[in-house]
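J.: Here it is, the structure in full.
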Amino acid sequence: MVNAGLPSVDDGRLDARARILHGIVEVLDGSGRFAGTRERFALINEISRRRRTRLLGDGEGETEDGRAHLELIVHRCAFRDCLKDLLAVVSDLLSADLRYRLRQLNDEWDGIDHFSDLNWWLIEEVLHQEPVGNCGELFRAVQLHEPPPAHCEDAWQMFANLAGSSGTDHGVPLFMIFLELVADLLPTDSGRRIKQLLRRLASEWGVSGELERCVYRSAQRVGGRGDRDSALLILIDPHPIRPETYTVKHWYGWSDEPGAPDKRGEQVVGRAGLESAVRGIVQTAEVDWRADDRPGRIEFILPFSLLNMPVERWRKESDPDIPLFLRYAVVVRSLDRFRDPGLHAEWRARWNSLWRSPRQAHCRFSEDHPYRLEESIMFDSQVVAMVLSEPPTLQSQNGLNQLHIAIRTGVPIVIWHREGSPGIIFRRMIEEEIAWGDGVSKMPEFARRLRASTAVSDDEPTGIGKDLVLLWDDPLCLPEEFGDRAS
């Protein structure tokens with residue numbers, strides 16, 4: 001009779017696939033539910049019925065003892081692609097822990113086809129040696145908030161489950177995104193080994209550039225950032241020919257949906273008509289949005305010459321008492337950075353470090369480093385925010401120079417006081433906000449609260465909120481005309 005031919009578990013030549021099948025046999029044999037010939041043939045018949053084909057030929061396996069017979073059944077199921085049928089048939093006969101173990105092994109069997117044995121063993125070795133505490137959170141970030149299956153209890157099992165799925169994000173297998181996120185939490189040597197493997201695979205499969213973008217998108221969802229976070233993007237761009245005239249475009253975007261923001265409109269207006277044009281965009285958008293799509297932010301994409309413009313004070317409606325900042329977190333963004341692809345790599349790297357390790361994020365106060373500011377940022381990859389010593393205007397060359405340094409070095413968050421140098425109270429409030437938990441990553445909401453408190457309280461010190469400007473540049477939320485350059 002034909003034997004399954006599985007090597008002994010002690011055989012040093014046991015390959016990864018044989019080891020998985022060996023594990024399935026171990027579970028079935030150890031359960032004691034298939035010790036008798038009758039039970040094993042009942043198992044064969046039920047699998048054959050489900051597959052509508054005979055699993056074994058006439059007389060095949062009849063003379064095998066219990067263990068060898070189970071090996072034959074498992075081996076045949078594996079190579080007829082019906083291990084899932086085997087699991088379904090035995091599921092009600094086994095305890096929960098044995099069912100979970102079979103599902104884990106089936107995930108491994110489905111996932112291993114992407115890998116050579118050496119690569120598979122490398123990943124298994126690293127993930128078993130280096131526990132990852134928040135791997136479930138990483139799994140949900142990759143799977144758009146879907147929790148890991150109950151049988152996936154550690155990083156290895158979650159990786160195997162994703163490796164066996166057909167899911168992709170823009171053509172990038174989900175297991176690659178998961179492993180990239182995991183690698184950043186591993187000790188340096190282990191993380192480097194995983195990343196080197198992923199680089200080779202991504203290059204072989206032609207997804208290197210898209211993998212990086214997918215990882216950044218998923219990293220945003222880690223730590224509760226996956227809640228729906230919508231934004232209205234409004235670009236104001238000086239017309240190249242007509243002076244005092246501007247092209248105004250707008251888009252809708254959501255942090256939990258891949259791809260570029262959805263373009264909604266474009267118009268050309270004079271300087272005096274900018275506020276009215278923006279008010280019309282906001283009012284139209286509020287009609288279009290469903291209740292659960294109301295944006296958390298309005299993002300103004302502006303050139304250097306307009307970044308100090310008080311856009312957050314523009315009226316939401318004709319009533320002058322309802323400025324935009326009373327309803328939305330209003331931030332500005334750098335159009336010049338969008339248009340220079342040479343600036344994008346460092347920009348994305350610092351943004352990524354913010355979302356992966358928000359509590360390690362640093363803020364630079366420009367006044368503390370007047371002569372070596374750029375150097376101090378370049379040598380610290382955790383610097384993600386800068387507070388300018390002056391507003392960035394033609395009348396305040398120091399502030400403008402500092403803003404240029406922030407853009408050149410990839411700093412995604414820049415804060416300043418519109419009317420002058422930030423005082424001690426302003427600085428202290430920024431320092432306290434940054435020091436509190438994930439403060440840097442919550443800056444848009446902090447700015448909204450501070451502005452609102454200024455509007456409703458005469459006691460708010462020195463009008464800090466009124467004159468606070470927040471440049472909040474998310475490299476993952478780019479209109480399509482800029483996004484291709486950032487990829």
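The values are calculated or read from the model by the stated rules, or taken from the named source; none is laboratory data. Just so it is clear, the structure is predicted and the values come from calculations on it, not from any experiment. Don't worry about glycine lacking a Cβ; one is built from the backbone with ideal geometry, like all the others, and counts go over all protein chains shown.
J.: If you go through region 196-204 one residue at a time, do you hit one that is touching a Gly at 6+ places or on another chain (Cβ under 7 Å) and touching a residue at least 12 places away in the same chain (Cβ under 8 Å)?
T.: No, region 196-204 contains no residue that is touching a Gly at 6+ places or on another chain (Cβ under 7 Å) and touching a residue at least 12 places away in the same chain (Cβ under 8 Å).
J.: Determine which member of the set Arg418, Arg372, Arg448 is modelled with pLDDT of 80 or more, surrounded by 14 or more Cβ atoms within 10 Å (Cβ to Cβ), out of contact with any helix residue (DSSP H, G or I) (no Cβ under 9 Å at 6 or more places or on another chain) and basic (Lys, Arg).
T.: Arg418
J.: Now for a separate question. Looking at region 150-206 only, could you name the residues that are under 20 Å from Asn352 (Cβ atoms) and aromatic (Phe, Trp, Tyr)?
T.: Of everything in region 150-206, those that are under 20 Å from Asn352 (Cβ atoms) and aromatic (Phe, Trp, Tyr) turn out to be Phe175, Phe178.
J.: Going by what's in this entry, would Phe79 be described as aromatic (Phe, Trp, Tyr) and assigned by TED's automatic domain parsing to the domain that holds Leu181?
T.: It is false that Phe79 is aromatic (Phe, Trp, Tyr) and assigned by TED's automatic domain parsing to the domain that holds Leu181.
J.: List every residue pair whose Cβ atoms lie under 9 Å apart, where the two residues are 6 or more positions apart in sequence or sit on different chains, the first residue falls within region 73-98 and is farther than 16 Å from Arg52 by Cα, and the second residue, located anywhere, is hydroxyl-bearing (Ser, Thr, Tyr).
T.: Val90/Ser31; Leu93/Ser31; Leu94/Ser31; Ser95/Ser31; Leu98/Ser31
J.: How many of the residues making up region 136-164 are of a type in the set (S, T, N, Q) and at pLDDT 85 or above?
T.: 2
J.: Which one is farthest from the chain's Cα centre (by Cα), of the residues in region 389-415 that are in a loop (DSSP other than H, G, I, E, B) and either at pLDDT below 80 or within 17 Å of Ala361 (Cα to Cα) (or both)?
T.: Among those that are in a loop (DSSP other than H, G, I, E, B) and either at pLDDT below 80 or within 17 Å of Ala361 (Cα to Cα) (or both), it is Thr409.
J.: Identify all residues within region 151-171 that are under 19 Å from the mean Cα position of the chain (by Cα) and either within 14 Å of Glu124 (Cα to Cα) or buried (at least 22 other Cβ atoms within 10 Å of the Cβ) (or both); write none if there are none.
T.: Once the filter is applied, which keeps residues that are under 19 Å from the mean Cα position of the chain (by Cα) and either within 14 Å of Glu124 (Cα to Cα) or buried (at least 22 other Cβ atoms within 10 Å of the Cβ) (or both), region 151-171 yields Ala155, Met158, Phe159, Asn161, Leu162, Ala163.
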